[in-house]
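First up is the structure itself, then whatever we jot down about it.
The values are calculated or read from the model by the stated rules, or taken from the named source; none is laboratory data. Being a predicted model, the structure only gives us computed values, none of them experimental. All Cβ positions, glycine included, derive from the backbone under ideal geometry; neighbour counts span all protein chains shown.
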Amino acid sequence: MKSLNQRILFSASLVLLVFIIGTAATLDRAFYDSARAGVRDRMLGQLYLLMGNAEVDSKGALSMPLELPDADLNRPDSGTYAFITNKNGIIAWQSASTLNVQMPSPVLMAKGMKKFDQVKLDNNKPFFIYSFGITWSTESGTYPLTFNVVTNTNSFDAQIGSYRKNLWGWLGLMALLLLIAQALVLRWGLRPVRQVSSELSAIESGQQNNIQGDYPRELKLLTDNINSLVNHERKHQKRYRNALDDLAHSLKTPLTVLRGAIEIEDDELKKKHTINEQISRMDNIVQYQLRRAATAGSSPGTRQLTLRPIVDKIVNTLNKAHHNKAPVMNIDVDAKLRLRIDAGDLMELLGNLLDNAFKWCHKTVSISAKSGQDTIIIRVEDDGPGIQTVEIERILERGVRAGQATPGHGIGLAIVRDIVQAYDGTLSIGKSTMGGAMVTIKLSSY
């Protein structure tokens, strides 16, 4: 069952069915017990009526009136019978209604003892019997007697049958109405889910760019994450397209120069120099565009990374690469500071910044990271010659190609710029208090 609507409807219907059956069984049992108690109370009243009409003389002889107040006991085959058992366990009297009806075996019961039960009489038909044991006192002594009233279950069974018919009829109708209401409520409740599915189909077909509906808070996080993933994927594809376009455009010039050097240049030394120069330029272009295209960018699924271990790892690597220079390294990065960024992008970003600082510094390199309002501020400084204002403007210019990279800084700062842009951050370059360059990056902390 792959449909969420069908799954919930089936589960709710099953719960409703169990509830209806449980309710019906409980009500049926309660009514059955109540009806049975009603029969018992009515028969007890008949027993008291019999006792009130009974007479026992001093010799213990029992006498009853010819006509009893209860008409059913006077009419043969009425379905209601009465008999009295004496101390010898013999029926001493029985009502006129017992004509041609075999009464159950008489039982003498102790004084004050009552018993309500069911027996089979008259061709194995069920009957209720209520027995009450008393002791009749006279001047000559006491005489134990047991009064018995027997009645058929026809009225009781008809009452129970009618109740069950009405009970199941009304409960069935109620269950049907509840199922219909449940289906309508479920359809209304799951409408936002169907709307999300419809919008996703529209996104796949290119009819809209993202999810635009206003959804309940239970789905809001889901739709926001889907929009973030869609936007992230769209930006990623755009970076790939731009990288390929830029790569094709950037390679035109060195290819033209190479073709000219091969066809026109006669001086082998100059030709070799030109070819090596253009090959080196093309290699830089390809490296830059590949790194630019590989930038992951911000995504909801990106996990948070702790900055300090990565900074220490990069610094240790650069100390080995620049062992002849061995600058003093000042690190001011909180060990608990975390940033949501792809690990490869962070390594590329910090690696390029610190590599440039190591390359251009005289004696000292500094890196710091602070937590601001919803931002992480990273600064890399050195005591080198710094970067000229004109070069800073070219580095920060959007869309500058690798072939136009700032002299002396290669493609490192261009890569840093593109990574920062991919994470909607900001990059600024200024003068350090140590006299060299200071690169400041601000990235979102969430």
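Name every residue in the range 355-377 that is out of contact with any Lys or Arg (no Cβ under 7 Å at 6 or more places or on another chain) and among the polar types (S, T, N, Q), in order of residue number.
Asn356, Thr364, Ser366, Ser371, Gln373, listed by residue number.
Can you go through Ser34, Ser63 and tell me which one is within 30 Å of Thr135 (Cα to Cα) and of a type outside the set (Val, Ile, Thr)? Before the answer, list the steps.
Working: Ser34 fails: within 30 Å of Thr135 (Cα to Cα).
Exactly one of Ser34, Ser63 is within 30 Å of Thr135 (Cα to Cα) and of a type outside the set (Val, Ile, Thr), namely Ser63.
Within the set of pairs 6+ apart or on separate chains, which have a first residue in the range 164-190 that is within 17 Å of Ile21 (Cβ to Cβ), a second that is surrounded by 15 or more Cβ atoms within 10 Å (Cβ to Cβ) and polar (S, T, N, Q), and C-beta atoms under 8 Å apart?
Cβ pairs passing all conditions: Leu179/Ser13; Gln182/Ser13.
Within the range 10-46, can you find the residues that are of a type in the set (Val, Ile, Thr) and farther than 24 Å from Tyr81 by Cβ?
From the range 10-46, those of a type in the set (Val, Ile, Thr) are 15, 18, 20-21, 23, 26, 39; that's our starting set.
Answer for the range 10-46, where residues must be of a type in the set (Val, Ile, Thr) and farther than 24 Å from Tyr81 by Cβ: Val15, Val18, Ile20, Ile21, Thr23, Thr26.
Kindly provide the set of residues from the range 1-41 that are within 19 Å of Gln118 (Cβ to Cβ) and of a type in the set (A, V, I, L, M, F, W, C), ordered by number. Walk me through it before giving the result.
Here is the first cut: in the range 1-41, the residues within 19 Å of Gln118 (Cβ to Cβ) are 28-29, 31-41.
Listed by number, the residues that qualify are Phe31, Ala35, Ala37, Val39.
In this structure, is Phe31 under 30 Å from Arg191 (Cβ atoms) and aromatic (Phe, Trp, Tyr)? Give the steps one after another, and end with the answer.
Values: under 30 Å from Arg191 (Cβ atoms): no; aromatic (Phe, Trp, Tyr): yes.
No: the conditions fail for Phe31.
For a quick check of your reading of the model, give me the residue pairs whose first member lies in the range 273-288 and is farther than 11 Å from Leu255 by Cα, whose second is modelled with pLDDT of 75 or more, with beta-carbon atoms closer than 7 Å and at least 6 apart or on different chains.
Hits for this filter: Tyr288/Ala414; Tyr288/Ile415.
Ser201: part of a helix (DSSP H, G or I) and either touching a Pro at 6+ places or on another chain (Cβ under 8 Å) or assigned by TED's automatic domain parsing to the domain that holds Pro76 (or both), yes or no? Write out each step before concluding.
Details: part of a helix (DSSP H, G or I): yes; either touching a Pro at 6+ places or on another chain (Cβ under 8 Å) or assigned by TED's automatic domain parsing to the domain that holds Pro76 (or both): no.
The answer is no for Ser201.
Collect the residues in the range 57-84 that are in a loop (DSSP other than H, G, I, E, B) and in contact with an Asp or Glu (Cβ under 8 Å, 6 or more places away or on another chain), keeping them in residue-number order.
Going through the range 57-84, the residues in a loop (DSSP other than H, G, I, E, B) turn out to be 57-61, 64-70, 74-79.
Residues satisfying the conditions are Ser58, Met64, Asn74, Ser78, Gly79.
If you go through the range 224-241, how many residues are farther than 24 Å from Asp214 by Cα, without any contact (Cβ under 8 Å) to a residue 24 or more places away in the chain and charged (D, E, K, R)?
Count: 2.
For residues that are touching a Lys or Arg at 6+ places or on another chain (Cβ under 8 Å) and surrounded by 15 or more Cβ atoms within 10 Å (Cβ to Cβ), tally how many sit in the range 130-150. Break it down into steps so the answer makes sense when it comes.
We begin by selecting, within the range 130-150, every residue touching a Lys or Arg at 6+ places or on another chain (Cβ under 8 Å); these are 130-135, 140, 143-145.
Checking the rest, the ones that are also surrounded by 15 or more Cβ atoms within 10 Å (Cβ to Cβ) come to 130-134, 143-145.
Total satisfying the criteria: 8.
Taking the conditions exactly as written (surrounded by 12 or more Cβ atoms within 10 Å (Cβ to Cβ), touching a helix residue (DSSP H, G or I) at 6+ places or on another chain (Cβ under 6 Å) and polar (S, T, N, Q)), does Gln182 satisfy them or not?
Values: surrounded by 12 or more Cβ atoms within 10 Å (Cβ to Cβ): yes; touching a helix residue (DSSP H, G or I) at 6+ places or on another chain (Cβ under 6 Å): yes; polar (S, T, N, Q): yes.
Yes.
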